[in-house]
Amino acid sequence: MRAKTRLRLVTIAVFLFAGLGSGLLRGQTLQLSINPQTISFAAADPDVSTQVPANQAVQVTIRATGMGTRSWQLTLRANGNLSDFWSMASIAISNISWIATEIPPFRNGTLAANVEQIAATKSGNYNSRGDLNFFLTNLWSYWAGQYTQTVAFTLSAI
């Protein structure tokens, strides 16, 4: 049984200013861009490929200005497990992990359903890009299908 998996990524850029909860102080900004917005994993024989790489790396560009000694973090939150609309089958989202470049501030991790996972954190200003290379653990137990899920990327001051 082979499954083709598609992961839709959602960028949530956070711009917080003084007076908003855990917001930033005047003159501080956070900007986030994600490219591409969608990745997919090809069907592969689990006996040959136990880890299937996504079709491309996700480029994450972060710009934090006027931060002083304040910290920021980037989190990834999957909105559930991978699911196939037609068969109603699912694959645990924890079967998708990523390997980051530019460590630190980025870090390696594994997705979790409805739980934020830290992908980067740093104190002070930052203006650079890191790549997240996603991998799907490939198992024979997956039903064939077109699985999808949305993952939100959130950049915030902490």
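The values are calculated or read from the model by the stated rules, or taken from the named source; none is laboratory data. Remember, it's a predicted structure, so these values are computed and weren't measured experimentally. For neighbour counting, all protein chains shown are included, and Cβ atoms are generated from backbone atoms with ideal geometry for every residue, glycine included.
Filtering the range 93-117 to residues that are loosely packed, with under 14 Cβ neighbours inside 10 Å, at pLDDT 95 or above and hydrophobic (A, V, I, L, M, F, W, C) leaves only Val115.
Residues in the range 37-50 that are exposed (fewer than 13 other Cβ atoms within 10 Å of the Cβ) and in contact with a Leu (Cβ under 8 Å, 6 or more places away or on another chain): 1 in all. Annotation note: of Val58, Val115, Val52, the sole residue that is more than 27 Å from Thr29 (Cα to Cα) and not basic (Lys, Arg) is Val52. Scan the range 118-131 for residues that are modelled with pLDDT under 95 and within 10 Å of the chain's Cα centre (by Cα) and the total you get is 0.
Scan the range 95-114 for residues that are on the phi > 0 side of the Ramachandran plot and aliphatic (A, V, I, L, M) and the total you get is 0. Filter the range 66-91 down to the residues that are part of a loop (DSSP other than H, G, I, E, B), among the aliphatic types (A, V, I, L, M) and either in contact with a helix residue (DSSP H, G or I) (Cβ under 8 Å, 6 or more places away or on another chain) or surrounded by 15 or more Cβ atoms within 10 Å (Cβ to Cβ) (or both) and list them by number. Within the range 66-91, Met67, Ala89 meet the criteria.
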